[in-house]
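Here is the structure we will look at, set down as structure tokens.
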Amino acid sequence: MSERGLNTVSFAGHAAASAQFKALYSEGMGLVEETASYLDGPGRLASKVLPRMASVLYAAESMRLTTRLMQMASWLLLQRAVNNGEMSRDQVLSEKSKVRLDSFNVDRSAPGWSELPESFRDLIERSLRLQNRVALLDREIYRPQEASTFVPDNQNGVKAQIKLLQTAFGTN
């Protein structure tokens, strides 16, 4: 490491322990609770009256939504643990390798998408925006060399996968 590298200040590391992180943490955990409440209540009722194609899509998207939120919650809890000194950075890196933040994209052109309840689609959109923010913070903290090349794209799953492969193999 160069002498210059030793004097570099990690703004991402400071941001992860800041009020902004606390707000992100609260937003993420709040969205987890709100989604669970919706899926157990109004969402369950709404899903029973959907047309067949929308019903199948609802089932698939609700699984993706909950998986996406659980992955983000895991990351947020790990980051909180390192911020609070409950885990070392190495422990977090080991556990963090099990967390997926770059998947679970949505196909808004899928048959039945427009028939899904608006409140359900809103939860999905909010979770995707949160996923992008968490993934970007993750890159800034743990892989700063990749952060400047990362452009989140939940609109197109293929494009997102190509971008991840380009990033992984340095072919940008």
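Data overview
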| read-out | value |
| --- | --- |
| Accessible area per residue in Å² at 1.4 Å probe, computed on region 10-142 | 52 Å² |
| Ser74/Ser18 FRET efficiency (R0 22 Å; Cβ-Cβ; nearest 0.05) | 0.60 |
| FRET efficiency for Ala36 and Asp90, using Cβ-Cβ distance with R0 set to 45 Å, rounded to 0.05 | 0.90 |
| Projected label distance in nm at Met29 and Leu136, using a 7 Å step from Cα toward the beta-carbon | 2.4 nm |
| Hz values of 3J(HN,Hα) by residue in region 41-54 - Karplus curve (6.51, -1.76, 1.60), Gly and Pro given as x | x, x, x, 4, 5, 5, 5, 6, 10, 6, x, 3, 5, 5 |
| Unit charges at the beta carbon, dipole of region 10-142: most positive-side option, Leu76, Thr35, Asn105 | Asn105 |
| Dipole moment magnitude, nearest 20 debye, region 10-142 about Cα centre, only Lys, Arg, Asp, Glu C-beta charged | 160 debye |
| Highest average packing first - 72-78, 85-91, 108-114, Cβ atoms within 10 Å | 72-78, 108-114, 85-91 |
| Protein accessible area in region 10-142, 1.4 Å probe - carbon and sulfur % | 55 percent |
| Charge tally in the Cβ shell below 11 Å around Leu77, where Lys, Arg are +1 and Asp, Glu are -1, Leu77 excluded | 0 |
| Inter-site label distance for Ser109 and Lys48 at 7 Å from Cα along Cβ, in nm | 3.5 nm |
| Whole-Hz couplings from phi, Karplus 6.51/-1.76/1.60, listed for region 122-132; x for Gly and Pro | 5, 4, 4, 4, 5, 5, 5, 5, 5, 4, 4 |
| Neighbour net charge for Leu31 - beta-carbon separation under 13 angstrom, K R +1, D E -1 | -1 |
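The values are calculated or read from the model by the stated rules, or taken from the named source; none is laboratory data. This one's a predicted model, so the numbers in the text were calculated from it and none came from an experiment. Every residue, glycine as well, gets a Cβ built from its backbone with ideal geometry; the counts of neighbours run over all protein chains shown. Ligands, DNA and RNA are stripped out before the accessible areas are found, and what is left, the full protein with its side chains, is counted by its heavy atoms. Shrake-Rupley method; radii C 1.70, N 1.55, O 1.52, S 1.80 Å.
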